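To keep things clear, I will list the structure first and then write my remarks on it.
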Amino acid sequence: MGIPGPLYTLKLTNVLNMRRALAGSSFWGTRRFGSACTAKSLSTGSKIDNFTVQSIREIPELGVTGILMRHPTGATALHLAKDDSNCTFSVAFRTFPRDSTGAPHILEHLALCGSRRYPIRDPFFKMLNRSLATYMNAWTGRDWTMYPFATRNIRDYENLRGVYMDAAFRPLLREEDFRQEGWRLEKDEDKWKISGVVYNEMKGAFSDAESLFSTRCQQQMFPGTSYSHVSGGDPLAIPSLSHRDLVDFCRSHYHPANALFYSYGNLELETHLSKLDETLGQIMADCGEFTPLRKPMDGFQPFANPKSVEIMGSIDPMSDPNKQIKMITSFITNPITNSQTTFNMQILSSLLLDGPAAPLYKALIESNIGSEYAPGTGYDSSLATTTFSAGLQGITADNVPRVEELVLKTLEQVRNNGFPAERINSVVHQIQLGLRYHSADFGLGLVQRAASSWVHEQCPLSELAVMEKVNAFRKQYDEGGLFERLIDQMMESKHRLTFVMRPDSEYNQQQDKLEAELVEKLVGQHDQSSLEGILEKNRKLLESQDRVEDKSLLPCLGMADISESIEKSPYAKSVDPRKNLTIFSRESPKANGLTYFKSKVAIKLPKSKIALLPMLTNCLTELGVENMPIDEFDGKVRATCAGLNVSVHQERPTNESIDPALSLVLSSHALEENASKMFDLFGLAISKTNWQDLDRIRTHVNGALAGLANSIAGAGSSFALSLAAAPISSYRYNRELLSGISQIRVLKQLSADIEGTAKLLQNVLYRIAAKNAKAIAVITQDATLRPMMERSAQQLMKLIPAAKTRVSFKSTLPVTTRNYALEMPFTTNYVAQVFGTNPFDDNLAANLSILARLASSQFLHREIREKGGAYGGSASYSRMDGLFALYSYRDPDPLNTIKVFSCVADWLKNSVISESDLLEAKLAVFGDLDKPQDVAMEGLQQFFHGMDDISRQTFRDALMRVTAESLKQSGQGVFQNTKKRTVALLEEGGKHTGQLLGFKIDKYE
Ligand SMILES: [Zn+2]
């Protein structure tokens, strides 16, 4: 998220706990936001209400005017004025963890469970459906907690700010909610167990080997400090947190003096601040004195000598058990408060690690001793003290000492030889490209970037003024010795950690044992009557979860806030039937000095070869070209454009009898002056691909395999959904081949014969003939550039080499048995049930889109998340292929979930859908539909899916017409059709849930 480019992307792994990110927005709110002109008339010392301006500056490269202010309560406020209607707000607190009980994380959940003005359960989730927010979320970082939202509707902005402020400063923190969201003892048949949303969420996170590795490594790196604790909560430590502890944590942290307010966009600053000022005044009346927090690095115990630590983690049955060690070497670097050094280190890190010309990439990745970089590799500037780390995963035991050696040796070499000047220029060029790119969530990206230093009392404005830092970097670099000094500081420090995690086949059983012992200990602390009391409280919790609440306390938008007409595509379209070509073009100031293109060519392949496409696209741009060293080619690309992107795209089918069309999409963007060079390089990459470089192909196959396999735990629902849907939808069947468990199986097959893989991939490329149907899309700011862009984008597809030989390939095709369970090495489950429907019936599609929302918010969320203790339970509908799906995420009780799924039809039949329920579901669906997109993606529905303005308007009209009755009728039709219904389960190994259900069982291996 944030600005693309190697340096500024906040690593989402740092933000431990993303809650659901949802919803879109309408451009046509009933009231527009005001103008951004106020900012210009302010100066340091000016007052707006009780806020005093501390600093104000223009940041031209971002197109913003930034104002930093202070409130007498001690709160700081940052406003970034920009002519952007997607206005953003957040309130954040410093929450340095004091232990691993997960207090900051559980508090983040609880703050959203009801507040004084909105004393109803979970107003946050309820607001998702009463708003047109383009973003609503809450994040627990490693040392801060943030509540952000964005919307394009001013009334919505005010509504949401009201709900967020009340949640942050006046949460109810009921014990009952603590038991629901945090942890509780529960009796399941005759066995006691621990339950709770955060408890299960963190159990899921800890069963993911990558996240376990990063978390444990950080803990070891910072002994004695806040960072030796887990802010999200260590499952075995969470139950030592009491409700009282949590209330105390809230009192001492969620205080105005510890608050950071952020606002962004074209909102009227005075109105916004006067509302904040008013609320802060009221809050202060209830707040005690604020005791300054212990600094997160206080108590730091520096190592006397470099240290090595080894731990055990779970085994991945999908890959060779002898090649599963992860290891990393971490160096302590500068404090975050030294912001120029932070910037210089970011550049150094990018030079060391990114791309085939980077010395550590050569030493670690190209040596093929591991599958890919270890999690956490890179420069981490999100804590009070920064670190630089480099390591590998997928290595064998005998290579463990080699990794650290290679890291140290490479740093030594770089220290002596430096980097070629072109590489430094290309890193700076990438920064420039990133600054000019306007992403849909620009305001959100900026606060993420500013947060980590702002939390540690640094001026967020100087953090954001990137060009100033680029210039200072240039100057320091030209003076000489800059990187030498930075590397010396790293190498000379005794505080260096080498951290190793080895796979252990017993690991999961041991975790189960530890959990069982903990349960026994917790139960042992109670006598019989107190255990009865717990059961009674659990019954009360269940009751309260079933209670219908009066949501009318919460603000809500109305149908008048939703536009009746679509936002028309900004592209002009022309068709050239002779060339079998469609051209989409657009001129826009949003291009901001960049030119963008996309070229699309249809692919016709037998099913058995579809699964080769992801690896083909990967290799086309990563192997370099014949007769040129890879670093030279990569350097040219980085100095010219935003990378060469090739992807596989699947179109929405146009009617039922036709298989969905697949195509290859080539895309990139560049500064205007580099446009033609960008096409030259792209042409070279696809016509002169260096297929001889087998080592590099091996690197990419293994990297892709490890990457996809590692993503299962975090995205289990989509893997389960893909398995469930493959038997009933040809669109999903292809998706399963391209990105599901089947893709993992094929990658494994490819990794066993790299020479054969090289031949196969070339053969697939040759079959993507240039005579197939094509389309291009270009965006420019300057109209005179358009003809050249259009011509070059067409020419590019002609460079795809023509057929030579045929090679046969038998890939593992997806399992098409219905009701299927895959046994996984997890301690959690993911369930998906799907129903196939006719996607070409607009009325049915409209009804099911809204039904999915209603079923999620009115039924599944309550039954699966609140009662069942899963992290999530939802329904979704896809217009691509008419698939209606029910699914759960990180689910401790899949049997219950399947029972809940089977009750959806009855729920629909018996439920009374009120006008306001329907309105809420419509708001959510329209919000999604109208969500703003990055400039490179917006308005391309026809390019990608053949949906022109007329068909989009027809669907919008159908959505507008949906009634409670039509929705019930459509839903019942779908639930009754048993022919197109199936379930898939990614299940916890050893629990045999699938067997109990009579499913076909497979083992993940
Ligand atoms: Zn959470």
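The values are calculated or read from the model by the stated rules, or taken from the named source; none is laboratory data. Quick caveat: nothing in here was measured; it's all calculated off a predicted structure. Methodologically, a virtual Cβ is constructed for each residue, glycine included, from the backbone with ideal geometry; neighbour enumeration extends over all protein chains shown. Protein only, heavy atoms only, side chains kept; ligands, DNA and RNA dropped before computing areas. Shrake-Rupley method; radii C 1.70, N 1.55, O 1.52, S 1.80 Å.
For region 67-83, check the following and say yes or no: at least one residue is open to solvent by 20 Å² or more (accessible area, probe 1.4 Å), closer than 24 Å to Met202 by Cα and either in a loop (DSSP other than H, G, I, E, B) or in contact with a His (Cβ under 8 Å, 6 or more places away or on another chain) (or both).
No, region 67-83 contains no residue that is open to solvent by 20 Å² or more (accessible area, probe 1.4 Å), closer than 24 Å to Met202 by Cα and either in a loop (DSSP other than H, G, I, E, B) or in contact with a His (Cβ under 8 Å, 6 or more places away or on another chain) (or both).
Inside region 611-634, can you point out the residues that are open to solvent by less than 20 Å² (accessible area, probe 1.4 Å) and more than 25 Å from Ala777 (Cα to Cα)?
Scanning region 611-634 gives Ala611, Leu612, Leu623, Gly624, Val625, Phe633.
Could you list, in sequence order, all residues of region 958-968 that are loosely packed, with under 15 Cβ neighbours inside 10 Å and not hydroxyl-bearing (Ser, Thr, Tyr)? Outline the logic, then answer.
At the first step, the residues of region 958-968 found to be loosely packed, with under 15 Cβ neighbours inside 10 Å are 960-961, 963, 965.
Listed by number, the residues that qualify are Met960, Arg961, Glu965.
Would you mention how many residues in region 182-222 are more than 16 Å from the ligand (Cβ to nearest atom) and either within 19 Å of Asp143 (Cα to Cα) or within 20 Å of the chain's Cα centre (by Cα) (or both)?
12
Which numbered condition in (1) of a type in the set (A, V, I, L, M, F, W, C); (2) in contact with a Lys or Arg (Cβ under 8 Å, 6 or more places away or on another chain); (3) at pLDDT below 95 is the only one that Val500 fails?
Among (1) of a type in the set (A, V, I, L, M, F, W, C); (2) in contact with a Lys or Arg (Cβ under 8 Å, 6 or more places away or on another chain); (3) at pLDDT below 95, the lone unmet condition for Val500 is (3).
With respect to Ala111, determine if the residue is open to solvent by less than 10 Å² (accessible area, probe 1.4 Å) and more than 15 Å from the ligand (Cβ to nearest atom).
No: the conditions fail for Ala111.
Name the residue that is farthest from Pro629 (Cα to Cα), counting only residues in region 366-410 that are assigned to a strand (DSSP E or B) and of a type in the set (Ser, Thr, Tyr).
Restricting to residues being assigned to a strand (DSSP E or B) and of a type in the set (Ser, Thr, Tyr), the top hit is Thr385.
So Ile336 ticks every box in (1) in contact (Cβ under 8 Å) with a residue 24 or more places away in the chain; (2) of a type outside the set (Asp, Glu); (3) open to solvent by 50 Å² or more (accessible area, probe 1.4 Å) but one. Which box is left unticked?
Unmet for Ile336, out of (1) in contact (Cβ under 8 Å) with a residue 24 or more places away in the chain; (2) of a type outside the set (Asp, Glu); (3) open to solvent by 50 Å² or more (accessible area, probe 1.4 Å): (3).
Would you check which residues across region 496-530 are assigned to a loop (DSSP other than H, G, I, E, B) and touching a Ser or Thr at 6+ places or on another chain (Cβ under 9 Å) and list them?
Taking region 496-530 first, the residues assigned to a loop (DSSP other than H, G, I, E, B) are 504-506, 525-527.
Result: Asp504, Ser505.
Kindly state which helices (runs of 4 or more DSSP H) lie completely within region 165-284 and contain at least 2 residues that are polar (S, T, N, Q) and modelled with pLDDT of 95 or more.
Fully inside region 165-284 and qualifying: 209-221.
Looking for something part of a strand (DSSP E or B), of a type outside the set (S, T, N, Q) and either within 30 Å of Lys590 (Cβ to Cβ) or open to solvent by less than 30 Å² (accessible area, probe 1.4 Å) (or both) - is there at least one such residue anywhere in region 683-701?
no
May I ask you to verify whether Ser552 is in a loop (DSSP other than H, G, I, E, B), small (Gly, Ala, Ser) and either in the same structural domain as Arg767 (by TED's automatic domain parsing) or under 30 Å from Leu959 (Cα atoms) (or both)?
Numbers: in a loop (DSSP other than H, G, I, E, B): no; small (Gly, Ala, Ser): yes; either in the same structural domain as Arg767 (by TED's automatic domain parsing) or under 30 Å from Leu959 (Cα atoms) (or both): yes.
When the stated conditions are applied, Ser552 does not pass them.
Taking Ser382 and the conditions (1) over 23 Å from Asn618 (Cβ atoms); (2) more than 26 Å from the chain's Cα centre (by Cα), which numbered condition does it fall short on, given that it satisfies the others?
Unmet condition: (2).
Taking region 510-551 on its own, how many of its residues are closer than 25 Å to Arg862 by Cα, open to solvent by 70 Å² or more (accessible area, probe 1.4 Å) and either charged (D, E, K, R) or touching a helix residue (DSSP H, G or I) at 6+ places or on another chain (Cβ under 6 Å) (or both)?
Going through region 510-551 one residue at a time, the tally reaches 9.
Take region 95-108 and flag every residue that is crowded, with 22+ Cβ neighbours inside 10 Å and more than 16 Å from the ligand (Cβ to nearest atom).
Result: Phe96, single match.
Filtering region 311-327 down to residues that are in contact with a Pro (Cβ under 8 Å, 6 or more places away or on another chain) and at pLDDT 90 or above, which residue is nearest to Ser381 (Cα to Cα)?
At the first step, the residues of region 311-327 found to be in contact with a Pro (Cβ under 8 Å, 6 or more places away or on another chain) are 312-317, 321, 324-326.
Imposing the further condition that a residue be at pLDDT 90 or above reduces the set to 312-313, 324-326.
Numbers: Met312: 27, Gly313: 26, Gln324: 28, Ile325: 26, Lys326: 22 Å.
Taking the candidates together, the pick is Lys326.
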